[in-house]
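Undergrad: This is the structure I have questions about; it appears just below.
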Amino acid sequence: MAQTIQSINSMIKKNKIEFIDLKAIDLSGRLHHITLPVHDMVMEKMIKEGVGFDGFSYGLRKVENSDMILIPDLNTAVIDLFRDAPTLSMYANIILTDDARSRFDHDGRYLTTKVEQLLKKETGCDKSWWGPEFEFYIFSNVEYDTRTATSFYKIEHAEEFYKKAYHAANPFDIYDDFRDEACKMLAKFGIKIKYHHHEVGERGQQEIETYFSDLLDTADNIITAKYVLMNFARQKNLFITFMPKPMYQQAGNGLHLHMFLTKKGKNAFYKKGEYGNMNELGRYFIGGMLKHAPALSAFTNPSTNSYKRLVPGFEAPVALTYGMGNRASAIRIPKYVKNPDETRFEYRPPDATINPYLCMSAMMLAGIDGVVNKIDPRKEGYGPYDKNFLEDDTSNIKLLPRNLEDALDELKADNDFLKRGNIFSDELLDQWVKLKGEEINSINTMPHPFEFKMYFNL
């Protein structure tokens, strides 16, 4: 239900709210917040004038022109369970300081709304629907540090399976109660849970899957879910990480994204009798995503650690193919789905180091390009494949980039599809490449502990 200033003020009064907390993410996807005490007309003032902040510190603007404004999105209002004082939390839209109070073109929340408008224009579909799978590890203790003459990490894990950890039952699955409580908390933040279970990783890997929401809500929910899980773990003196590859020779953490489109309220991908019951529109959308997947990797897998997960094995989705039930392919059409309303595909490469607004907008634009240009994945050689690509002749199968630097090169070479409808600008793309290039340089110039084992006495 759409919220108004009046309904928010009623919520403040009913729950004796003492503080308003505005949340937003920086360019890399890290969450920030600012807190304001409640007083008379506080909501009216925030809606009219907003709250000023330094856009340079968010990586959004140059230092000489960094004043920006946060305006709360009232529809995201929720009581924050992790604050001692009664606090109402809201996500904020980022606004420029011009006289018109224009939306900031690089604000990911704004990008998602523009992408949905473009979807209607180019495909006639009403909305996109997304269902994320959150994979993460729970550890009992973690220590890490990097200095000029020191670099280390140390992980302590309370679980230790020897294979067969997937869907493991208690008493061996020691975090099922944690997941129960976490799911109840997520529900209070407006995130509806489909199920949770122990994942493949033998040293404490978990999964929580949510129901479908639209593009903007799903991106918000990804940020919220990480916030809830990390805060709840802190309360329990546990350590949670969504890092794609936190442990050597253990399964990586993905953020698989299930998605479909609707037209006039009905699933726009469904056609009975076709492969996976996926119609022409769905195939074109898949074709666009697979064609642009190497460039998409700069947004779907935007950390150097991402590519330690994206290697053959551990169900790593590195093949630019699609198939039913094929978890080695970048795109899997779930074989168990029989309900026409839920006909969909799952894009398996992403991980939780994403900026979800940029990542999902980029995925949409790749799919839209596939529809506009009628990119048929069958004619392009993307499948369908129902076998593990490692067991077949792989000479004709393309793979995802092997590292972040290669992904950025792919993005530089293939980005016109992102500029359709003026969604991504050259300036935003340049900022992203610069930000990620700095991360690569930091890693490349820092000696790795394993290098000491390999080379110190050579």
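The values are calculated or read from the model by the stated rules, or taken from the named source; none is laboratory data. The structure displayed is predicted, hence computed values, not measured ones. Cβ: placed from backbone, ideal geometry, glycine included. Neighbour counts: every protein chain shown.
Undergrad: Would you point out which residue out of Ala158, Ala165 is crowded, with 19+ Cβ neighbours inside 10 Å, among the aliphatic types (A, V, I, L, M), in contact (Cβ under 8 Å) with a residue 40 or more places away in the chain and over 30 Å from Val51 (Cβ atoms)?
TA: Going through Ala158, Ala165 in turn, just one is crowded, with 19+ Cβ neighbours inside 10 Å, among the aliphatic types (A, V, I, L, M), in contact (Cβ under 8 Å) with a residue 40 or more places away in the chain and over 30 Å from Val51 (Cβ atoms): Ala165.
Undergrad: Just checking, which of Ala182, Ala187, Ala225, Ala233 is in a helix (DSSP H, G or I), surrounded by fewer than 18 Cβ atoms within 10 Å (Cβ to Cβ) and in contact with a strand residue (DSSP E or B) (Cβ under 8 Å, 6 or more places away or on another chain)? Don't jump to the end; show me each part of the working.
TA: Working: Ala182 fails: surrounded by fewer than 18 Cβ atoms within 10 Å (Cβ to Cβ); Ala225 fails: surrounded by fewer than 18 Cβ atoms within 10 Å (Cβ to Cβ); Ala233 fails: surrounded by fewer than 18 Cβ atoms within 10 Å (Cβ to Cβ).
Answer to the selection: Ala187.
Undergrad: Looking at Lys379, Lys308, Lys387, Lys335, which is the one that is charged (D, E, K, R) and part of a helix (DSSP H, G or I)? Break it down into steps so the answer makes sense when it comes.
TA: Values: Lys379 fails: part of a helix (DSSP H, G or I); Lys387 fails: part of a helix (DSSP H, G or I); Lys335 fails: part of a helix (DSSP H, G or I).
That would be Lys308, the only listed residue that is charged (D, E, K, R) and part of a helix (DSSP H, G or I).
Undergrad: I've got another one for you. Checking the condition closer than 28 Å to Lys184 by Cα, without any contact (Cβ under 8 Å) to a residue 40 or more places away in the chain and out of contact with any Phe, Trp or Tyr (no Cβ under 8 Å at 6 or more places or on another chain), which residue from Asp73, Asp98, Asp80, Asp84 passes? Walk me through it before giving the result.
TA: Values: Asp73 fails: out of contact with any Phe, Trp or Tyr (no Cβ under 8 Å at 6 or more places or on another chain); Asp98 fails: closer than 28 Å to Lys184 by Cα; Asp80 fails: without any contact (Cβ under 8 Å) to a residue 40 or more places away in the chain.
Just one listed residue meets the conditions, Asp84.
Undergrad: Only one of these is over 22 Å from Arg234 (Cβ atoms) and touching a helix residue (DSSP H, G or I) at 6+ places or on another chain (Cβ under 8 Å): Asp98, Asp105, Asp67. Name it. Steps first, please.
TA: On the way: Asp98 fails: touching a helix residue (DSSP H, G or I) at 6+ places or on another chain (Cβ under 8 Å); Asp67 fails: touching a helix residue (DSSP H, G or I) at 6+ places or on another chain (Cβ under 8 Å).
Going through Asp98, Asp105, Asp67 in turn, the sole match is Asp105.
Undergrad: Looking only at the stretch 66-82, count every residue that is assigned to a loop (DSSP other than H, G, I, E, B) and within 25 Å of the chain's Cα centre (by Cα) and tell me the total.
TA: Quick first cut of the stretch 66-82, residues assigned to a loop (DSSP other than H, G, I, E, B) only: 66, 73, 77, 80-82.
Checking the rest, the ones that are also within 25 Å of the chain's Cα centre (by Cα) come to 73, 77, 80-82.
Final tally of qualifying residues: 5.
Undergrad: Could you count how many residues in the stretch 190-207 are assigned to a strand (DSSP E or B) and surrounded by fewer than 23 Cβ atoms within 10 Å (Cβ to Cβ)?
TA: Residues flagged as assigned to a strand (DSSP E or B) and surrounded by fewer than 23 Cβ atoms within 10 Å (Cβ to Cβ) within the stretch 190-207 amount to 6.
Undergrad: If we keep just the residues of the stretch 330-369 that are of a type in the set (Ser, Thr, Tyr) and within 19 Å of the chain's Cα centre (by Cα), which is farthest from Phe417 (Cα to Cα)?
TA: My answer is Thr353.
Undergrad: Touching an Asp or Glu at 6+ places or on another chain (Cβ under 9 Å), surrounded by 17 or more Cβ atoms within 10 Å (Cβ to Cβ) and more than 27 Å from Thr300 (Cβ to Cβ): does that describe Asp54?
TA: Criteria not met by Asp54.
Undergrad: Continuing with the same structure: List every residue pair whose Cβ atoms sit under 9 Å apart, with the two residues 6 or more apart in sequence or on different chains, where the first one lies in the stretch 26-43 and is closer than 30 Å to Leu435 by Cα and in contact (Cβ under 8 Å) with a residue 24 or more places away in the chain and the second, anywhere, is surrounded by fewer than 14 Cβ atoms within 10 Å (Cβ to Cβ) and not β-branched (Val, Ile, Thr).
TA: Cβ pairs passing all conditions: Asp26/Ser57; His32/Ser57.
Undergrad: Counting residues that are farther than 30 Å from Tyr322 by Cα, which helices (runs of 4 or more DSSP H) fully inside the stretch 400-458 reach at least 2?
TA: 426-444, 449-455
Undergrad: Here is a follow-up. Is it the case that the stretch 440-455 has a residue that's surrounded by fewer than 23 Cβ atoms within 10 Å (Cβ to Cβ), among the β-branched types (Val, Ile, Thr) and over 22 Å from the mean Cα position of the chain (by Cα)?
TA: Scanning the stretch 440-455 turns up at least one residue that is surrounded by fewer than 23 Cβ atoms within 10 Å (Cβ to Cβ), among the β-branched types (Val, Ile, Thr) and over 22 Å from the mean Cα position of the chain (by Cα).
Undergrad: Taking Asn253, is it assigned to a loop (DSSP other than H, G, I, E, B) and crowded, with 18+ Cβ neighbours inside 10 Å? Reasoning before the result, please.
TA: Values: assigned to a loop (DSSP other than H, G, I, E, B): yes; crowded, with 18+ Cβ neighbours inside 10 Å: yes.
Judged against the criteria, Asn253 is a match.
Undergrad: Give the residue that is surrounded by the fewest Cβ atoms within 10 Å (Cβ to Cβ), with candidates limited to residues of the stretch 120-155 that are farther than 30 Å from Thr224 by Cβ and in contact with a Pro (Cβ under 7 Å, 6 or more places away or on another chain).
TA: Looking at residues that are farther than 30 Å from Thr224 by Cβ and in contact with a Pro (Cβ under 7 Å, 6 or more places away or on another chain), I get Phe152.
Undergrad: Let me ask you something else. Does Ile397 fit the bill of being surrounded by 15 or more Cβ atoms within 10 Å (Cβ to Cβ), assigned by TED's automatic domain parsing to the domain that holds Ser303 and part of a loop (DSSP other than H, G, I, E, B)?
TA: When the stated conditions are applied, Ile397 passes them.
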